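J.: Below is the structure I would like to discuss, written out as structure tokens.
The values are calculated or read from the model by the stated rules, or taken from the named source; none is laboratory data. Being a predicted model, the structure only gives us computed values, none of them experimental. A quick note on method: Cβ atoms are made from the backbone with ideal geometry, for glycine too, and the neighbour counts reach across all protein chains shown. For accessibility, only protein heavy atoms count, side chains too; no ligands or nucleic acids. Shrake-Rupley method; radii C 1.70, N 1.55, O 1.52, S 1.80 Å.
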Amino acid sequence: MLIQERKSKEEKIMEIKIQAIHFDVSERLETFIRKKVSKLEQFHDGILTAEVNLRVIKPETAQNKQASVRVKIRNNECFAEKISDTFEEAVDHVADALERQLIKLKKGVNKKTADKFWHVINND
């Protein structure tokens, strides 16, 4: 199942791949995942793809829904995996974890760029 979201100004496509292992994803769950993953774009400009994997962990007990998301960015990637009672809850926790990772990554990139800029100015 392949879902593509368009960025407004730049017309770049963020590709969202959803893979469910041994079950079919409902339209409601697919919409929820698409919405959550698309919101990650506001934390980093360079997201190219997001790969979402869903699976039910055996045996059938509470806390048996696993969601993992790998976000590929220019020259980097972020990954998070969570297990919860429902896929919606697991995806929500994964999105929160990725949000924190993307913010840290962007701050690190901005700091490195600023350090290089100031180094060039101070050496002139």
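J.: Can you name the condition, by its number, that R74 falls short on among (1) touching a strand residue (DSSP E or B) at 6+ places or on another chain (Cβ under 9 Å); (2) closer than 26 Å to E27 by Cα?
T.: Result: R74 fails condition (2) only.
J.: Does E60 meet the test of being at pLDDT 90 or above and open to solvent by 50 Å² or more (accessible area, probe 1.4 Å)?
T.: Judged against the criteria, E60 is not a match.
J.: Could you check, for region 28-43, whether at least one of its residues is in contact with a helix residue (DSSP H, G or I) (Cβ under 8 Å, 6 or more places away or on another chain), on the phi < 0 side of the Ramachandran plot and part of a loop (DSSP other than H, G, I, E, B)?
T.: yes
J.: For the subset of region 54-72 comprising residues that are farther than 20 Å from K35 by Cβ and among the hydrophobic types (A, V, I, L, M, F, W, C), which member is farthest from the chain's Cα centre (by Cα)?
T.: So the residue we want is A62.
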